[in-house]
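Notes follow the structure.
The values are calculated or read from the model by the stated rules, or taken from the named source; none is laboratory data. The structure displayed is predicted, hence computed values, not measured ones. So basically every Cβ, Gly included, is an ideal-geometry build from the backbone, and we count neighbours across all protein chains shown. Heads up: the accessible areas ignore ligands, DNA and RNA and are worked out on the full protein's heavy atoms, side chains in. Shrake-Rupley method; radii C 1.70, N 1.55, O 1.52, S 1.80 Å.
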Amino acid sequence: MFELSLAQARDALRARKISARELTAAYVGAIEALNPEINAYITPTPELALQAADAADEALARGHAGPLTGIPLAIKDLFCTKGVRTTAGSKILSPFIPPYESTVTANLLRDGAVFLGKANLDEFAMGSSNLTSAYGPVTNPWTRHGDNRPLVPGGSSGGSAAAVAARMALGATATDTGGSIRQPAAFCGIVGIKPTYGRCSRWGVVAFASSLDQAGPVARTVEDAAILLGSMAGFDAKDSTSADIAVPDFAAACKRGVRGLRIGVPREYRMDGMAPEIEALWQQGLAWLRDAGATIVDVSLPHTKYGLATYYIVAPAEASSNLARYDGVRYGARSDGHDLTALYENTRADGFGAEVKRRIMIGTYVLSAGYYDAYYLKAQKVRALILKDFTDVFRDVDALVTPATPTAAFGQGDRMDDPITMYLNDVFTVPVNMAGLPGLALPAGLDATGLPLGLQVIGKPFDEETVFAVGAALERAAGFTALPTLRAGAAA
Amino acid sequence: MSLDPEAVRRIARLARLRVDDGQVAQIQGELNGILGWIDQLNEVDVEGVEPLTGGALMAMRLRDDVVTDGDQAEAVLANAPDRDGPFYTVPKVVE
């Protein structure tokens, strides 16, 4: 059952070769067996999943199959799900049961998907390791050869990525503010796409940095990601930044090929200290595309090195504003205080973890009187230059190909001393969010220790089709079939 | 720009975060580390550059100014940590 991709499972369900009940029961069983070790789910919902699977079997029997009927998915616990606790990985939302459904999850339900539960994440999606979750760390299903120390799955969508890699879900929703889909996808050896800003509605997704947040899928193959994005995406009047643009057939774009495409290689992504294996994999990826008929072009994105510093002004500023709503009065956890101010201060001190507080304080400072121009306004201007870099190169090329991350997955105890070391994980992904562009990460090889390494494909605004075409061509050439350590030898 | 302990306390008050005296020095060190790293943006010439405020590469839509939702008091109050009938409760603010 677990060897079927999402597309294959969909076809098997439609042909009635398997039932939705069997498929969901297999994944529910995998969650029961593996979640104590992996902690990919904060809230598994097996009973709801099996009920939804039975409903899917009835729909299939009547010949009313939607694009995802009977497909079991994990939902990042940042998407509000009606009647199912939604924590955002934070203690402050531990009692929160949304009375409404996010637009993205409503779209998936409309198309027949089965929800297995709510996936773990860094608190309020702030992190690159899943170590900031108030519900405990997620363990990467991959380990190094001959070394069973636990590694991080990346973040913030670490639960989603680990669940898909460990065969605890056929696919998952995720969100990406600075790399939170692509970095965990790369660390877990799976595919993830952050679509163009505006492609998926943000309505009902717990807000982190509203001008950067964007939902997208993680899945085992490029085609599976394309199928999921096709259901998740679409115009929504309830999100004022939702794009009123038709959703094309992303899955069809996977078959296009790359003949005649011009692929840009940004020279600023060749960083000092980057692992030589990642540089080699990048060159291999470009060679595969050249062999498939693409032209490789050297390009320059001169403001790349300023992406992270710009991000760590813009994102905390927006977060400090968005997270002001957690006041202990209207919803969420409350800590008492002798007056209203003490109630607010105690609630927020007890309810938020250290990284979230750090970002709220940075954001509060850069927006405060006397510092706004020096920090926030300056960052918005550098952001305009980062966008201009991309706009300029996209006059000459159809897509860009870069590494997804500067390293493979690291250990759960590593990189915790200095926040900035953790921030550097997102050096290749953050500029894409700053410019609002689509970016896809896919596994393309293993390092010498047996850990997956990913490449990133960056496209023009609302041209996810070319991104999928390039991603699928790389996937075909790479033939990445390695299984995570946890599942190696036990795939069937 | 470097933050002193008083500035750390002022930011915490603005952010409505209780910070105990014993935490100030550590927070001060972390925030100054991040702000020092961010100072690299001073190298960038932004003369004449218009700030980019949003992620959407298109004009924001305006909707019709009409009521689209409402009359859902129970749903709105369902998650309140404490309530009194159709009201949220807070500590006494007026003597």
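Compute the Cα gyration tensor for chain A, then decide on rounded, prolate or oblate, letting a ≥ b ≥ c be the square roots of its eigenvalues: rounded whenever a/c is under 1.5, prolate when a/b is larger than b/c in the other cases, and oblate in all that remain.
Because its axes are fairly even, with a/c under 1.5, chain A counts as rounded.
With an 8 Å cut-off on Cα pairs and a minimum separation of 6 or more residues, tell me the relative contact order of the stretch A:130-264 in percent.
On the way: 257 pairs, mean separation 25.4, N = 135.
Rounded, it is 19 percent for the stretch A:130-264.
Beyond 18 Å between alpha-carbons counts as too far, so tell me which of A:LYS238/A:LYS357; A:LYS17/A:LYS118; A:LYS194/A:LYS238; A:LYS17/A:LYS76; A:LYS91/A:LYS118 fall in that bin.
Cα-Cα > 18 Å for A:LYS238/A:LYS357; A:LYS17/A:LYS118; A:LYS194/A:LYS238; A:LYS17/A:LYS76; rest within.
Summarise the accessible area of the protein assembly as shown (1.4 Å probe, protein heavy atoms) by the percent that is carbon and sulfur. If you can, show how the numbers build up before the last one.
Working: 11450 of 21980 Å².
Carbon and sulfur atoms account for 52 percent of the accessible area of the protein assembly as shown.
Enter the mean number of other protein chain beta carbons within 10 Å of the beta carbon of each residue in A:87-97, as an integer.
Going residue by residue through A:87-97 and averaging, the value is 1.
Just from its helices, what would the mean residue ellipticity at 222 nm be for the protein assembly as shown, if runs of 4 or more DSSP H residues each count -39500 (n - 2.57) and the sum is divided by every residue, rounded to the nearest 500 deg cm²/dmol?
That comes out to -11000 deg cm²/dmol.
Counting only DSSP beta bridges with both residues in the protein assembly as shown, what percent are antiparallel, rounded to the nearest 5?
That works out to approximately 70 percent antiparallel.
Please list A:SER321, A:SER133 from largest to smallest accessible area, probe radius 1.4 Å, with all protein chains kept in place. All intermediate terms of the calculation are to be shown ahead of the outcome.
Numbers: A:SER321 80, A:SER133 15 Å².
Greatest to least solvent exposure: A:SER321, A:SER133.
Under 5 Å between amide hydrogens, which residues at least 5 positions from A:TYR371 or on another chain qualify, with H placed 1.01 Å from N in the peptide plane?
Hits under the 5 Å cutoff: none.
Once you sort the root eigenvalues of the Cα gyration tensor of the stretch A:241-371 as a ≥ b ≥ c, which label holds: rounded (a/c under 1.5), prolate (a/b larger than b/c) or oblate (the other case)?
Because a/c hits 1.5 or more and a/b exceeds b/c, the stretch A:241-371 counts as prolate.
Whose amide H sits under 5 Å from the amide H of A:ILE296, counting only residues 5 or more places off or on another chain, with H placed in the peptide plane?
A:ILE263
Roughly speaking, what is the stretch gain from A:ARG256 to A:GLU279, that is 0.36 nm per residue apart minus the C-alpha to C-alpha distance, in nm to one decimal?
5.6 nm
Mind listing the phi-derived Karplus ³J(HN,Hα) values for the stretch A:147-164, rounded to whole Hz, using 6.51, -1.76 and 1.60 with θ = phi - 60°, and x for any glycine or proline?
Residue by residue, the stretch A:147-164 yields 8, 8, 5, x, 10, 6, x, x, x, 8, 7, x, x, 4, 5, 5, 4, 5 Hz.
Suppose the chain between A:ARG330 and A:ALA448 were pulled fully straight at 0.36 nm per residue; how much longer would it get relative to their current alpha carbon spacing?
Numbers: separation 118, 0.36 × 118 = 42.48 nm, distance 5.16 nm.
Computed gain between A:ARG330 and A:ALA448 is 37.3 nm.
Quick one: which residues, 5+ away or cross-chain, put their amide H under 5 Å from the amide H of A:GLY117? H built at 1.01 Å from N.
Here the answer is A:THR45, A:ILE75, since their amide H atoms fall under 5 Å of that of A:GLY117.
By how many nm would the segment from A:PHE235 to A:ASP396 lengthen if fully extended, with 0.36 nm per residue of separation less the alpha-carbon distance?
Details: separation 161, 0.36 × 161 = 57.96 nm, distance 2.94 nm.
Gain on extension, A:PHE235 to A:ASP396, equals 55.0 nm.
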